[in-house]
4 protein chains.
Amino acid sequence: MKGGRLRVGVLGATGVVGQQFVARLAGHPWFELAALFASPRSAGRRYGEAVRWQAGGELPVAAARLPVRTITPESPPEDCDLLFSALDAASAEALEPACVAAGLAVATNASAHRLARGVPLLVPEVNAAHAALLDARSGRGLLVANPNCATVGLVAVLAPLAARFGVEAVQVTTLQAASGAGYPGVPALDLLGNVLPGIPGEEEKLEREPRRILGRLAGGEIAEAPIVVSAQTHRVPVIDGHLLALSVRLGERASPEAVARAIDEFGQPLAPLALPSAPRRLLRRDDAADFPQPRLHAGGEGGMTVAVGRVRRCPLLDVRLSALVHNTVRGAAGGAILNAELLVRTGRLGVRR
Amino acid sequence: MKGGRLRVGVLGATGVVGQQFVARLAGHPWFELAALFASPRSAGRRYGEAVRWQAGGELPVAAARLPVRTITPESPPEDCDLLFSALDAASAEALEPACVAAGLAVATNASAHRLARGVPLLVPEVNAAHAALLDARSGRGLLVANPNCATVGLVAVLAPLAARFGVEAVQVTTLQAASGAGYPGVPALDLLGNVLPGIPGEEEKLEREPRRILGRLAGGEIAEAPIVVSAQTHRVPVIDGHLLALSVRLGERASPEAVARAIDEFGQPLAPLALPSAPRRLLRRDDAADFPQPRLHAGGEGGMTVAVGRVRRCPLLDVRLSALVHNTVRGAAGGAILNAELLVRTGRLGVRR
Amino acid sequence: MKGGRLRVGVLGATGVVGQQFVARLAGHPWFELAALFASPRSAGRRYGEAVRWQAGGELPVAAARLPVRTITPESPPEDCDLLFSALDAASAEALEPACVAAGLAVATNASAHRLARGVPLLVPEVNAAHAALLDARSGRGLLVANPNCATVGLVAVLAPLAARFGVEAVQVTTLQAASGAGYPGVPALDLLGNVLPGIPGEEEKLEREPRRILGRLAGGEIAEAPIVVSAQTHRVPVIDGHLLALSVRLGERASPEAVARAIDEFGQPLAPLALPSAPRRLLRRDDAADFPQPRLHAGGEGGMTVAVGRVRRCPLLDVRLSALVHNTVRGAAGGAILNAELLVRTGRLGVRR
Amino acid sequence: MKGGRLRVGVLGATGVVGQQFVARLAGHPWFELAALFASPRSAGRRYGEAVRWQAGGELPVAAARLPVRTITPESPPEDCDLLFSALDAASAEALEPACVAAGLAVATNASAHRLARGVPLLVPEVNAAHAALLDARSGRGLLVANPNCATVGLVAVLAPLAARFGVEAVQVTTLQAASGAGYPGVPALDLLGNVLPGIPGEEEKLEREPRRILGRLAGGEIAEAPIVVSAQTHRVPVIDGHLLALSVRLGERASPEAVARAIDEFGQPLAPLALPSAPRRLLRRDDAADFPQPRLHAGGEGGMTVAVGRVRRCPLLDVRLSALVHNTVRGAAGGAILNAELLVRTGRLGVRR
């Protein structure tokens, strides 16, 4: 990295996704964790005291010592180059634009501005080209977003199909993990030996975001892909890992074998960029009859790979398959960090003076 | 009941479904539990000692005292009028026909003969007319089957739609309870905080059985309904209750409101028969956004009602909804008992001399 | 019941214990559910709309129609004879005495006044005589309390031991169900595939309350029993049913067989009173090696029986055993209702003019 | 390592503990995984095909390629220096002595020979000196055992107490993870929303093994420590991590603070030996009120550290505390590997010619 490591801050640092940012930024070769922001309730304490660490492994020592700070639209931090946002949508609404206006780069996991004009909604292996949306901006600040956690799994597996056969329509039913609702999130009484149908707001995101991500950049705008998505969502008693059962109507007919081959051959389009967080392969497919399973397979390549299985013919649409995405890693913090890495490598993001 | 209560036996009485038979037959007004059959491992002991009771409530005292007997194709019981079969498919293959040949009535939950010629595959509220298949038989013995547990939920909710609008195609994704795999069934390590995609053999049943159940009886045969079903199944960490997420293409377009009305108005077609196990309504619909949930809603009317929720437009097919069936009750033992009650009431089943 | 059924209200009616009160009062022969009270958030709506019903079975129709009301210390209800309180301790602090001062009977599950002078802390089969504490009161109002949910299981199984052998000390480790923390209560992320050691405030109650319950009434005061209790508590991923592993030092040595016999012979001391909610036996013992289990055995006699198993010698103290109590029934709502029934039957509680 | 890496084999390689051996031996600096043994059912296939990998992360590539072999008492492997045994007790009974007789070193997790004369039962940080039991043996073969998985947690936390204050008696109640029962192990229907009291055979081990481990080596024999242990065990719906609630009577009175200090100062007695698998500290103590929790804290230092919390006065014995041990790592495979490392470093185990 020319010019040294970027100083990064995390917004919403004590939450489930915030912790995942902290875990993954420890020892990052390009980014130096410089500031942690949370609600006034936590502010003033050391991060190690304010957080209820649940991100696996041990809380990184350097992060534990950082003071938790608050942030308001009126006081964007001056000592950061880049902010990773794990805010909820309501908080992100005003806070993220204020930080951008102050010249900061913001890589957000929040949904507030995902569909806003000029904001690339990125899964880098799928639509890195959309980063060019940023090139028309005035000023130094920028905002880049990753999609909804379940959407990431969906577009990841659709990408090779869209490229090779075209995708016209998708029926997707999700079985989503508890961590996707944050902490405290879902009460235990709702999820012990139970399933909750219908995650509020989730089906809309799953039906809309893929159209944008799989769309084409033309004339400084995204022309959405004409894909019809029908989503039915469920919360299941799983810690991490959103499982998706898909049925896809392709643009041109293809056998399950051809679809499996397209998935296997997708590889890692970002390989030439050597991004630190990029997995060797975006998609890992396995022929086992009960693959993929959230508890066993969500963590492939540190949670950055999407697991795919059960590719078979659909008697109604064309092909069916199952996909599994680690919701707090590839579907949130890991995805946002990869987005920022892409911007750094493509010269859109650097150290502020 | 003319001629007194029928003497009934249960095949596979120590298993999950077998226990449910025993629980529901205690105090049954028409049926008297007379014999319990299980594998040689249990034989010779009192049922109360041989069984690991998990069917809820307390093991009925009269059943606890019955000796567990074995049965072979060569030795159908002579002291029973009716057998309820909770056998696995392999055991049922030879045993059930042998019992029928010996003049016994068999109401089976096993899949072995569900699609056999002359065997009514019944959900009485949906296709009671198919019982007439039995009228062509020679001899006194008879075999009647209930469908796969998840299929019951599917056809229950399709029935009013098929009747009013026609049904052309269904995408169904299931989240199925652990009890559906019997005991010991699924290992805890596979299901704690996990989901297993792809239940062996289940998708085939879900795609085939509804065509027969919703078919028409004509000329002593069932003409299958031309419905395309695409099923994706999952085992989830739930005790009882299979949840189904459906998307349906109707024969004629209908609004979600019209579909909801059809469901609400379906009522209980069997009401005039006053069958002891029939619920007041086959379908219970609720508008709550997170209805139905297995732990809370599978047990409506003793588990005999199918819960329906989330009726809404589908951007791809026509209408989407969620359905929940108690798999060991309506989907198994309760369904089989209701089948037998139907046969009794329609004069097809009575006390053997 | 002379004078007709008592008009009863439930405080905290929308919570986990409040719902259990509502469920158990439907069809009660002596009590008529007349009023439901909850926080201002729910007030003004019908109970059926305000509640997220989780108490099993279906919400009783009559209760569903009742309006939810609020209550303050300044406005005790005038249309009730008896209040069942499912309040948290903080709310109960002022509210319950205000109701008593207004001449109401209050049977509370809250901990606020359990150890107060003049308040009987009752498990009727164990210490019904303590109800006489009420006889010295001035005025018509009265307050009776049931113990902490886990304490109920503890004193239930200690009662026959204390009576026959004396009890000097108890080591008790609990595995407590999620419903004991109310709703929303414990976050799913804390309890899926996990155990939480140390339930706040619980160990103190388990160590103190048994001394009072097993104490003697003398001179209008309770002389606490000199029993040393050491409690270690855990929250486990179970819906209902607190499991206790006990080791007991008896006053006089006794074999496990003698202890088991004492438990088996305890029976139902209240039998002559014919209280509607009293189970046939307080204690149900079983010799199975893995008895009792929360999911299978907490609900004996509608949840009013305490299950006891694994009685065996302790190499350190005298005898070890396991006990299981349904925490929201016998340990809360069912216990409070039984308390009120005892007061009615013993002439301490009746219809207000 | 003088003389190159030892060639090691794993007995019972496809089971839960066997997989953990395979995972931890990949890349081990001293040991080279050379052979995998399992039941005839798996034999002849590549390990990668025979195993249902559940040990976390990805199956090591080199192990996946190894053929699965069978072993009988008549055919101990000739191409191994050291065997790690994850056999069940029955299989270990004859097989392990046969391997020892053939000159092999066996580090076993099986219980069959744990209490046999001449077999060190080791937790190296606690009783490394017991390894000297091996010095009296004739022949090259040797057998070293690690204790029961829950026992490891118990003696780990007792070690500093025994050393500083003496330990006279212990009441211990366990909450043990599903993985401790192997695969398939406990049925999901037994553990979803449930707890099983009384793990067969486990209480005896917990009451006996600590006496030996904390005993003194004198005259070539272990003089057992006169500690009375009373154990009550439970299986809980947790994947990994046995939680223990202890109450301890010390030889000399000590405050909870003094006990906590003894735990904190225990450190890593093996530090001078620089064993590859030894954690920096055997015990990790934390003051948080709800520490330790299986899901969050069993994996400290790769699962080799025992987590300790809730140190407080006991009103009955002297001090209470909670301890958590990763049952398949420190309590099984990791412990056995550490045992072998100790033997290598102390010159008792080397490459066979």
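The values are calculated or read from the model by the stated rules, or taken from the named source; none is laboratory data. Treat the numbers as computed from the prediction; the structure is a model and nothing was measured. When we count neighbours, we look across all protein chains shown, and the Cβ atoms used for this are built from the backbone with ideal geometry, even at glycine.
Whenever a residue of region D:12-26 is farther than 15 Å from D:T108 by Cβ, its partners that are of a type in the set (S, T, Y) and in a helix (DSSP H, G or I), lying with C-beta atoms within less than 8 angstrom and at least six residues away or across chains, give the pairs D:T14/D:Y47; D:V16/D:S179; D:V22/D:Y47. Of everything listed in (1) in contact with a Ser or Thr (Cβ under 9 Å, 6 or more places away or on another chain); (2) without any contact (Cβ under 8 Å) to a residue 40 or more places away in the chain, the single unmet condition for C:G267 is (1). Can you find even one residue in region B:171-182 that is more than 25 Å from B:L115 (Cβ to Cβ) and either within 9 Å of another protein chain (Cβ to nearest Cβ) or in contact with a helix residue (DSSP H, G or I) (Cβ under 7 Å, 6 or more places away or on another chain) (or both)? Yes: one or more hits. Please go through region B:125-147 and give me each residue that is part of a loop (DSSP other than H, G, I, E, B) and under 17 Å from B:G335 (Cα atoms), ordered by number. The answer is B:N146, B:P147.
Of all residues in region C:304-315, those being more than 12 Å from C:L246 (Cβ to Cβ) and facing chain D (nearest Cβ under 9 Å) number 1. Highlighted here are the strands (runs of 3 or more DSSP E) found entirely within region A:262-353 that include at least 3 residues which are assigned by TED's automatic domain parsing to the domain that holds A:V248 and surrounded by fewer than 24 Cβ atoms within 10 Å (Cβ to Cβ): A:283-286, A:306-313.
Residues in region D:279-303 that are small (G, A, S) and at the interface with chain C (Cβ under 7 Å from one of its Cβ atoms): D:A289 only. Given the structure, is C:Q19 within 30 Å of B:P279 (Cα to Cα) and not in a loop (DSSP other than H, G, I, E, B)? Yes. Within this structure, B:A38 passes the test of being at pLDDT 95 or above and surrounded by 17 or more Cβ atoms within 10 Å (Cβ to Cβ). Under the condition of being within 13 Å of B:E209 (Cα to Cα), in contact (Cβ under 8 Å) with a residue 60 or more places away in the chain and touching a Leu at 6+ places or on another chain (Cβ under 7 Å), the residues counted in region B:77-114 number 1. What do you reckon, is A:G48 at pLDDT 95 or above and either closer than 18 Å to A:A332 by Cβ or not in a loop (DSSP other than H, G, I, E, B) (or both)? Judged against the criteria, A:G48 is a match. In the condition set (1) of a type outside the set (K, R); (2) under 30 Å from C:A188 (Cα atoms); (3) surrounded by fewer than 23 Cβ atoms within 10 Å (Cβ to Cβ); (4) within 18 Å of the chain's Cα centre (by Cα), A:V16 is compliant with all but (3). Against the definition (in the same structural domain as A:A128 (by TED's automatic domain parsing) and farther than 22 Å from A:N327 by Cα), how does A:L217 come out, yes or no? Answer is no for this residue.
Among the criteria (1) under 22 Å from the mean Cα position of the chain (by Cα); (2) facing another protein chain (nearest Cβ under 7 Å), the one A:P187 does not fulfil is (1). Counting the residues of region A:181-239 that are closer than 19 Å to C:I239 by Cα and of a type in the set (A, V, I, L, M) gives 10.
Residues in region C:79-97 that are surrounded by fewer than 17 Cβ atoms within 10 Å (Cβ to Cβ), among the acidic types (D, E) and assigned to a helix (DSSP H, G or I): C:E93 only. Does region C:48-55 contain any residue that is surrounded by 15 or more Cβ atoms within 10 Å (Cβ to Cβ) and more than 14 Å from every other protein chain (Cβ to nearest Cβ)? Within region C:48-55, not a single residue is surrounded by 15 or more Cβ atoms within 10 Å (Cβ to Cβ) and more than 14 Å from every other protein chain (Cβ to nearest Cβ).
In the set (1) more than 14 Å from chain B (Cβ to nearest Cβ); (2) at negative phi; (3) in contact (Cβ under 8 Å) with a residue 40 or more places away in the chain, the condition left unmet by D:G220 is number (2). Name the residues in region D:24-35 that are surrounded by fewer than 21 Cβ atoms within 10 Å (Cβ to Cβ) and either more than 12 Å from D:L66 (Cβ to Cβ) or of a type in the set (D, E) (or both), would you? If the condition is that a residue be surrounded by fewer than 21 Cβ atoms within 10 Å (Cβ to Cβ) and either more than 12 Å from D:L66 (Cβ to Cβ) or of a type in the set (D, E) (or both), then D:G27, D:H28, D:P29, D:W30, D:E32 are the ones that fit.
Number of residues in region B:159-180 that are buried (at least 24 other Cβ atoms within 10 Å of the Cβ), of a type in the set (A, V, I, L, M) and assigned to a helix (DSSP H, G or I) equals 3.
The rows are residues; the columns are (1) farther than 24 Å from B:C99 by Cα; (2) not assigned by TED's automatic domain parsing to the domain that holds B:S277; (3) not aliphatic (A, V, I, L, M).
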| position | (1), (2), (3) |
| --- | --- |
| B:F21 | no, yes, yes |
| B:A35 | no, yes, no |
| B:Q54 | yes, yes, yes |
| B:A63 | no, yes, no |
| B:V68 | no, yes, no |
| B:E74 | no, yes, yes |
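Considering (1) within 19 Å of C:G335 (Cβ to Cβ); (2) part of a helix (DSSP H, G or I); (3) within 11 Å of chain D (Cβ to nearest Cβ), the lone condition that C:E207 does not fulfil carries the number (1).
Scanning region B:223-261 for residues that are touching a His at 6+ places or on another chain (Cβ under 8 Å) and either among the aromatic types (F, W, Y) or assigned to a loop (DSSP other than H, G, I, E, B) (or both) turns up B:D240, B:G241.
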